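Student: Once you've had a glance at the structure underneath, I'll fire off some questions.
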Amino acid sequence: MTSAAQPLDGVKVVEFGTLIAGPFCSRILAEFGAEVIKIEAPGQGDPLRKWRKLYPTEDGETSLWWFVQARNKQSVTVNLKHPDGIEIAQKLVAEADIVVENFRPGVMEKLGLGWDVLSAINPGLVMVRLSGFGQTGPMAGQPGFGAIGESMGGLRYVTGFADRPPVKTGISIGDSIAALWGALGALMALRHREVKGGQGQVVDVALYEAVFAMMESLVPEFDVFGFVRERTGNVMPGITPSNTHTSKDGKHLIIGANGDAIFKRLMLAIGRIDLADDPQLASNAGRDARAKDIYAVIDAWVGENDADSVLCIAAEAQVPASRIFSTADMFSDPQFLFRGMLESAQLPDKKDFRIPGIVPKLSLTPGETRWIGPALGEHTDRVLDSLGYSAETRTRFRTDGVI
């Protein structure tokens, strides 16, 4: 891809994270031009390098996920348990705008890289700290992954069917939500620094709070009415109709006709003029009171038609509808392709492969993939040279296990 101006050009980020939340946060920044230096343990690296589907590379096998999660980052190996390694890290932070870390609270302090130390080195620093339960409170020191955040934050409780235990989504959604809040917080803190004269601050993101923040109206509904939202399967609770239906040819389709005018158009399209003109169904409250009957009507109509016919009729009536896409569906979908959501890239052996496109799409300063996830320590010499470490010193560091 041809490099263009990007909104975060000139912003320097040092990442101490592993796996998902921290690395995804800095990945977002890297996609929009930030220089991200990822610190990894010598000989080991981020465990994500070995997660999920692996691809043969010169240094063994590497996760295909890694190539996306670490795109546009520089990999520098530093032993943070060695005094010289801490010195390297502190020199990097002294030049940074943002530090991203997702260790358990207290780990950075034990390493000599806590906020008090780093902010003294660099008063304008923004430090994004992602953890299970935040940097304070009775649970701060406990380990917490995305699954725990999803559970404690309320998402798992409302996901699934009422007659079965709660289920999870098929991805690490809690970590990803936290990463988005972390990136947003970092940019707000940078804006504050620019406007208020150079003062940095900590962005404290707890995974459970990041999920909790997405939980719509659960808090006021419980506080005012004592209402606890339960699992409702594929139905959008309290908003009708919005559900999953199965077509004659066995395809699963989502139809969202919960807008007043949209519902009327759908009923007219399927030949149910009586329901389209029913004054009780003109608003969501009336429809929700008769949700069971409405869903039975839509289920029957979808079940009598194949998926393509359903989608065609819905499109003509301007009713939101879609097949439930698998990855295979995405690879042939005109909308995905037109919007560049499947980028072409090359693996280390020059084999072409596809990676997800970048979101959001900025009209003047779009994000881009400059390179895929690097080999372990690929940029160590370059970065240490820029810090003033000679070739002889770097050789000694390797002998001593520093890098």
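The values are calculated or read from the model by the stated rules, or taken from the named source; none is laboratory data. This one's a predicted model, so the numbers in the text were calculated from it and none came from an experiment. A quick note on method: Cβ atoms are made from the backbone with ideal geometry, for glycine too, and the neighbour counts reach across all protein chains shown. SASA here: full protein model, heavy atoms, side chains in, ligands and nucleic acids out. Shrake-Rupley method; radii C 1.70, N 1.55, O 1.52, S 1.80 Å.
Student: Please give every one of the lysines within straight-line cross-link reach of LYS168, meaning a C-alpha to C-alpha distance under 24 Å, and leave out same-chain neighbours fewer than 8 residues apart.
Tutor: Within the straight-line limit of under 24 Å, LYS168 reaches these lysines: LYS50, LYS53, LYS251.
Student: A follow-up question, please. Considering the Cα positions of region 151-229, please state its Rg to one decimal place and its Dmax as a whole number of Å.
Tutor: Both quantities, over Cα of region 151-229: 16.6, 56 Å.
Student: Separation between the ASN234 and LYS351 pseudo-spin-labels, each 7 Å from Cα along Cα→Cβ, expressed in nm?
Tutor: About 3.5 nm separates the two model spin labels.
Student: What's the ranking of 339-345, 168-174 by average number of surrounding C-beta atoms within 10 Å, highest first?
Tutor: For the peptides 339-345, 168-174, the packing ranking is 168-174, 339-345.
Student: So, one more: If you place +1 on the Cβ of every Lys and Arg, -1 on the Cβ of every Asp and Glu, and leave all else neutral, what size is the dipole of the chain about its Cα centre, to the nearest 20 Debye?
Tutor: 320 debye
Student: Calculate for the chain the 222 nm mean residue ellipticity that helices alone would give, adding -39,500 (n - 2.57) per DSSP H run of length 4 or more and normalising by residue count, nearest 500 deg cm²/dmol.
Tutor: Rounded to the nearest 500, the figure is -11000 deg cm²/dmol.
Student: From largest accessible area down, sort MET236, MET188, MET330, MET108; use a 1.4 Å probe on the protein chains.
Tutor: MET188, MET236, MET330, MET108
Student: In addition: How high is the relative contact order of region 1-113, in percent, counting Cα pairs under 8 Å that sit 6 or more residues apart?
Tutor: 32 percent
Student: Determine the sum of side-chain charges near VAL302: Lys and Arg each +1, Asp and Glu each -1, restricted to other residues whose C-beta is under 14 angstrom from that of VAL302.
Tutor: In short, -1.
Student: Sorted by packing (mean other beta-carbon atoms within 10 Å per residue), highest first, where do 373-383, 73-83 land?
Tutor: Packing proxy ranking, top to bottom: 73-83, 373-383.
Student: Continuing with this model, one more query. Using mean Cβ contacts within 10 Å as the protection proxy, how do 53-60, 291-298 order, highest first?
Tutor: So the peptides 53-60, 291-298, ranked by packing, come out 291-298, 53-60.
Student: Please list the helices of the chain that count as membrane-span-like by this rule: a mean Kyte-Doolittle hydropathy of at least -1.0 together with Cα atoms stretching 24 Å or more along the helix axis, each helix being a complete DSSP H run.
Tutor: Helix filter hits for the chain: 173-196.
Student: Full extension from ASP163 to ASP59: what is 0.36 nm times the residue separation minus their Cα-Cα distance, to one decimal in nm?
Tutor: Full extension of this stretch gives 32.6 nm more.
Student: Could you tell me the ratio Rg/Rh of the chain? Both radii from Cα atoms, Rh via Kirkwood.
Tutor: 1.05
Student: Using a cut-off of 17 Å between alpha-carbon atoms, which aspartates and glutamates can reach LYS91, once sequence neighbours fewer than 8 places away in the same chain are excluded?
Tutor: Straight-line reach from LYS91, under 17 Å: GLU15, GLU35, GLU40, GLU101, GLU109, ASP116, ASP381, ASP385.
Student: Where does each of ILE148, ILE88 land when they are ordered by accessible area, with a 1.4 Å probe and the largest first?
Tutor: From most exposed to least exposed: ILE148, ILE88.
Student: For Cα pairs less than 8 Å apart in space and 6+ apart in sequence, what is the mean separation divided by the residue count of the chain, i.e. the relative contact order in percent?
Tutor: It rounds to 19 percent for the chain.
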